[in-house]
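**Student:** Have a look at this one before I ask anything.
The values are calculated or read from the model by the stated rules, or taken from the named source; none is laboratory data. What you see is a predicted model; the values in this text were computed from it and never measured. Cβ: placed from backbone, ideal geometry, glycine included. Neighbour counts: every protein chain shown. When the accessible area is computed, the model is the full protein with side chains, heavy atoms only, and any ligands, DNA or RNA have been set aside. Shrake-Rupley method; radii C 1.70, N 1.55, O 1.52, S 1.80 Å.
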Amino acid sequence: VHYVKGGVQALADAMANVVKEQGGQVLLNSNVARISVNNNKSDGVILENGLKLNADIVVSNADPGWTYDKLLPAHKKRRWSRNKLKKSRWSMGLFVWYFGTRNTKEKWQDVGHHTIINGPRYRGLLSDIFDKCFLADDMSIYLHRPSITDSSVAPEGSDCFYALSPVPNLKTSTPVDWCKELEIYKNKMREVLEETIPGFSSEIVAEHILTPEDFEKRYLSPYGAGFSLEPRIFQSAWFRPHNISEEIENLYLVGAGTHPGAGIPSVVTSSEVLAQLVTDPVIGGS
């Protein structure tokens, strides 16, 4: 498992620096309302404030479900129609508890960078998550402690963690009401974590929680899915939305929902694939 020193933010910052070094501009807090299309070719994007940014090509790293359904609302799709996306299987949701602890560097010496805490059930828990869309009382947890490897991500002598538990996504007639369940589920997770990092909750000085509702609202992920389309055999590799759009000319897709798939290594590979597919710009018309 490869880890970027400084965390994923360092990877994002490095990518932004490349854009800036090549004369590009990074606009923050500027949501795209739709992709502009002329004669079946993308020619830019229109922001929520009405500003249009013209472009010879458009690369969308939004989830393909959001790109095709929300950013191209008036365009008739041949393959990735709203009905097709609705019938697709989406990956599970995620409950992620980020927390920082003070002066704990010497504690929990047997807890490394990665810890997997298996719950008491396997098949039953998977069935609850994927088939029944039911929020179970028990859970399995991935516990991430990057500060044990990288001292730059936490104050000296302290730690940062996140605990991730797979939960149902929101694609159900009775989705989990996370306004009601957040604290309840957090306390259940706390009890499980106490067995691995005893006393951790009294050492917490900062925390933040994400639920599937946050993934849907903040990251524009359909149904709050944590990893876009579920990587079933007919939703993997070639069967995923292609990097070169099948719907619009001059539109490219990159990220977890497109080829080759989810996970940081695959997402980075997706950008490498895209770099080979996009032709170099013609400078000065020559």
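**Student:** What size of dipole, in debye to the nearest 20, comes out for the chain about its Cα centre when the only charges are +1 on Lys and Arg C-beta atoms and -1 on Asp and Glu C-beta atoms?
**Tutor:** Computed charge dipole of the chain: roughly 1140 debye.
**Student:** Pairs of alpha-carbon atoms within less than 8 angstrom and 6+ residues apart define the contacts here; what relative contact order does the stretch 93-219 have, in percent? Write out the running numbers ahead of the final one.
**Tutor:** Values: 204 pairs, mean separation 51.2, N = 127.
Contact order relative to length: 40 percent.
**Student:** State the Cα centre-to-centre distance between the stretch 150-190 and the stretch 75-147 in whole Å.
**Tutor:** Comparing the Cα centres of the stretch 150-190 and the stretch 75-147, I get a distance of 9 Å.
**Student:** Quote the relative contact order of the chain in percent (integer), defining contacts as alpha-carbon pairs under 8 Å separated by 6+ residues. Display every interim value, and only then the final one.
**Tutor:** Working: 474 pairs, mean separation 61.2, N = 286.
Here the relative contact order equals 21 percent.
**Student:** Please report, in debye to the nearest 20, how large the charge dipole of the stretch 93-219 is about its Cα centre when each Lys and Arg carries +1 at its beta carbon and each Asp and Glu carries -1 there. Walk me through the numbers before you get to the answer.
**Tutor:** On the way: 14 positive and 20 negative charges, 47 e Å.
Taking the Cα centre of the stretch 93-219 as origin, the dipole is about 220 debye.
**Student:** Could you go through the stretch 21-32 in sequence order and give the Karplus-derived ³J(HN,Hα) for each residue, using 6.51 cos²θ - 1.76 cosθ + 1.60 with θ = phi - 60°, rounded to whole Hz, and x for Gly and Pro?
**Tutor:** For the stretch 21-32, the Karplus-derived couplings read 5, 8, x, x, 10, 10, 9, 9, 6, 10, 6, 7 Hz, x marking Gly and Pro.
**Student:** Let me ask you something else. What order, most packed first, do the peptides 13-19, 82-88 have when packing is the mean number of other Cβ atoms within 10 Å of each residue? Intermediate values should be presented prior to the final figure.
**Tutor:** Details: 13-19: 11.6, 82-88: 13.9.
My ranking of the peptides, most packed first, is 82-88, 13-19.
**Student:** Taking only the alpha carbons of the stretch 62-148, what extent do you get along each of the three principal axes, in Å, biggest first?
**Tutor:** Taking the Cα atoms of the stretch 62-148, the three principal extents are 59, 30, 16 Å.
**Student:** I'd like the per residue volume of the convex hull spanned by the Cα atoms of the stretch 206-273, given in cubic angstrom.
**Tutor:** Working: hull volume 8.2 nm³, N = 68.
Convex hull volume per residue, Cα atoms: 120 Å³.
**Student:** How large is the Rg to Rh ratio of the stretch 93-219 when both quantities use alpha carbon positions and Rh follows Kirkwood? Please list the in-between numbers first.
**Tutor:** Numbers: Rg = 15.2 Å, Rh = 15.4 Å.
Expressed as Rg/Rh, it is 0.99.
**Student:** May I ask which residue of W66, F215, Q9 lies farthest towards the positive end of the charge dipole of the chain, with charges of +1 (Lys, Arg) and -1 (Asp, Glu) on Cβ and the Cα centre as origin?
**Tutor:** The residue sitting farthest along the positive end of the dipole is W66.
**Student:** Return the whole-Å distance between the Cα centroid of the stretch 210-286 and the Cα centroid of the stretch 1-69.
**Tutor:** 12
**Student:** Next question. Give the carbon-plus-sulfur fraction of the accessible surface of the chain in %, rounded to a whole number; probe 1.4 Å, heavy atoms of protein chains only. Let's see the in-between values first.
**Tutor:** Values: 8920 of 16660 Å².
Carbon and sulfur atoms account for 54 percent of the accessible area of the chain.
**Student:** Which pairs in the list K76/K180; K20/K171; K87/K217; K84/K217; K52/K87 are over 31 Å apart, alpha-carbon to alpha-carbon? Don't skip to the answer; put the middle values down first.
**Tutor:** Numbers: K76/K180 39 Å; K20/K171 39 Å; K87/K217 21 Å; K84/K217 22 Å; K52/K87 33 Å.
Beyond 31 Å: K76/K180; K20/K171; K52/K87.
**Student:** While we're looking at this one, here's another question. Using a 1.4 angstrom probe, figure out how much accessible area the stretch 32-115 has per residue, in square angstrom, rounded to the nearest whole.
**Tutor:** Heavy-atom accessible area per residue stands at 57 Å².
**Student:** A further question on this structure: With a 1.4 Å probe and every protein chain left in place, work out the accessible area per residue of the stretch 217-286 in Å², rounded to a whole number.
**Tutor:** With the other protein chains kept in place, the stretch 217-286 gives 56 Å² per residue.
**Student:** Additional query: To the nearest 0.05, what FRET efficiency results for K217 and E272 with a Förster distance of 22 Å applied to their C-beta separation? Write out the running numbers ahead of the final one.
**Tutor:** Numbers: r = 30 Å, r/R0 = 1.37.
Calculated value: 0.15.
**Student:** Then there's this: What length, rounded to one decimal in nm, is gained on full extension from K107 through to E246, with 0.36 nm per residue of separation minus their alpha-carbon distance?
**Tutor:** On the way: separation 139, 0.36 × 139 = 50.04 nm, distance 5.26 nm.
So the extension gain works out to 44.8 nm.
**Student:** To the nearest 10 square angstrom, what accessible area does R89 show with a 1.4 Å probe?
**Tutor:** Solvent-accessible area, nearest 10 Å²: 90 Å².
**Student:** Let me check the size of the chain from its C-alpha atoms; what are the radius of gyration and Dmax in Å?
**Tutor:** Gyration radius and largest Cα-Cα distance of the chain: 21.0, 67 Å.
**Student:** Under a point spin-label approximation (7 Å from Cα along Cα-to-Cβ), what is the N187-R78 distance to one decimal in nm?
**Tutor:** Each label point is offset 7 Å from its Cα along the Cβ direction, giving 5.6 nm.
**Student:** Another question about this same structure. Using r as the Cβ-Cβ distance of F130 and H2, and R0 as 45 Å, what FRET efficiency do you calculate, to the nearest 0.05? Provide the component values of the computation, followed by the final result.
**Tutor:** On the way: r = 28 Å, r/R0 = 0.63.
Using R0 = 45 Å, I get an efficiency of 0.95.
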